[in-house]
1. Report, in degrees rounded to the nearest 10, the 0 to 90 angle that the Cα long axis of helix 318-347 makes with the longest principal axis of the chain.
2. Taking θ as phi - 60°, what are the ³J(HN,Hα) couplings along the range 19-30 by the Karplus curve (6.51, -1.76, 1.60), each to the nearest whole Hz, with x for Gly and Pro?
3. Filter the chymotrypsin sites (Phe, Trp or Tyr not before Pro) in the range 126-222 down to the DSSP loop ones having no more than 13 other Cβ atoms within 10 Å, then list what survives.
4. Would you please classify the overall shape of the range 129-195 from the alpha carbon gyration tensor, given that a ≥ b ≥ c denote the square roots of the eigenvalues, rounded means a/c under 1.5, and beyond that prolate means a/b larger than b/c while oblate covers the rest?
5. Starting with the highest mean, order 403-410, 168-175 by the number of other Cβ atoms within 10 Å, averaged over the residues of each peptide.
6. Taking Cα atoms, how many degrees apart are the long axis of helix 179-188 and the longest axis of the chain, rounded to 10 and kept between 0 and 90?
7. Return the calculated 222 nm mean residue ellipticity for the chain, to the nearest 500 deg cm²/dmol, obtained by summing -39500 (n - 2.57) across DSSP H runs with n ≥ 4 and dividing by the residue count.
8. Counting other Cβ atoms within 10 Å, keep those with at most 11, restrict to DSSP loop, and tell me which chymotrypsin sites (Phe, Trp or Tyr not before Pro) in the range 359-434 are left.
Amino acid sequence: MNKTNPKSITVSCDNESLASLKEKQWIYEDALNKYDRLKARGLSLDMSRGKPSPTQLGFSQPMLSWTSANDFISIDGVDCRNYGGPSLGLSEARQIFSWILGTSTANIAVAGNSSLALMHDIIAFLMLKGSPNGNKPWVKSGQISFICPVPGYDRHFSILESFGITMLPVPIIENGPDMDTVEQLVFEDPSVKAMWCMPKYSNPTGITYSAETIHRLGSMKTAALDFHLFWDNAYAVHHLSDKSVFIPDILDVSATAGYENRAFVFASTSKITLSGSGLAALATSDQNLSWWQSHSDLRSIGPDKLNQLRHARFLKVKSSLDRLMESHRSVLAPKFNAVVSTFHRLLGSLNEVEWTEPLGGYFINLKVPTGCATRTVQLAADAGIVLTAAGASFPYRKDYKDCNIRIAPSFPTLSQINDAAEGIAVCVRLAIAESELE
Ligand SMILES: Cc1ncc(COP(=O)(O)O)c(C=O)c1O
């Protein structure tokens, strides 16, 4: 067995009792033994990204045998084989997103297969072309800042980093972002032009914004006249319990407050049908939609309408969507439950260790004592369990307390998840035991 080198033990405090030192030493040696046994198992598991498992992809297998040979005309008479057609997407594809988002089809565009690409493009349009209400391009406006609730989605932050946009982290608390801080920042600072929001089953905390938080976001006063909410509703229908969480429609809320153009809402079927070949959508005000269309129409002669039609044939009525999401839940919920129950069993007695128990979405956020996240992730990697890099869910990859670890239980099998959750717990215990000896 390839044993881990024991740490040399140093006395950090002269008056520390010998008994307490001995206890820490014993805890450390016990944790190290367990870790060596974990390593000897030679696991090889990847829990770094929130990918659907092959079983989940199989639920959409009928889409792969649908043939367009005699079925290529849309409900509006569009020949889906050809160039052109409606640049907001086929009516039947927009209908699918109306079910997902609870928004009127008139305010929905279906475009491409990636909502992240839509987010990226809208930021690029705002940077280069100016905002829907006629404000000048952000590249000509000096410093541009985004509020970034943390922990958050690493790819959101990478987009901002690539554009040189300043990221202002604001903590996520029980009901969503800390709204007192958000309201103050947007009110005082005209460089704050936007905010990332994952209102439902957030990545990675699983937290859902309360109705009050959503009303405050939709109605808050902002110094920037071209302020926007980037409302990434990626997990709108991805429930893990039989309680389907409901949130108010931000488009309605902000329009009622007099800020019709405030929100760009995003969703996709990446975690509904086929992750690599899904549909993505933007829902927003009439004015924002025309603005988006005026720019995006330049970059393509038309969307992939056959994929839109293929989705419409598969998800014919809302109940087919509901049934599909129920199938996903039947596979995902036991995996989440396995992680949560293992953490309760093996980590429940530890101080400053806690985790989220989401009612939906794809992630669990594990919090460990300050300074222990990077070491835990490293120990896990050395034992064959790949986790998302520590710090990834923070702007510039800087989790200043080094205490958050994102757990993505969707891809491995249930028995692998059991192994991985136990393994992670062993690594957490060793990382803490090591830190206590320093
Ligand atoms: C919050 C969030 N938004 C967007 C995405 C990516 O979506 P898409 O596949 O539509 O680009 C993910 C993927 O994990 C996500 O977690």
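1. Between helix and principal axis, roughly 20 degrees.
2. 3J(HN,Hα) across the range 19-30, in whole Hz: 4, 5, 4, 5, 5, 4, 5, 5, 4, 5, 5, 5.
3. Sites meeting the loop and neighbour criteria: none at all.
4. Note, shape of the range 129-195 comes out oblate.
5. Packing proxy ranking, top to bottom: 403-410, 168-175.
6. Value to nearest ten degrees: 60.
7. -13000 deg cm²/dmol
8. Tyr400
Each reported figure results from applying straightforward, stated rules to the coordinates on display, with no laboratory input. Everything numeric in this text was worked out from a predicted model, so none of it was measured. Cβ coordinates were reconstructed from backbone atoms using ideal geometry, including for glycine residues, and neighbour counts include every protein chain displayed.
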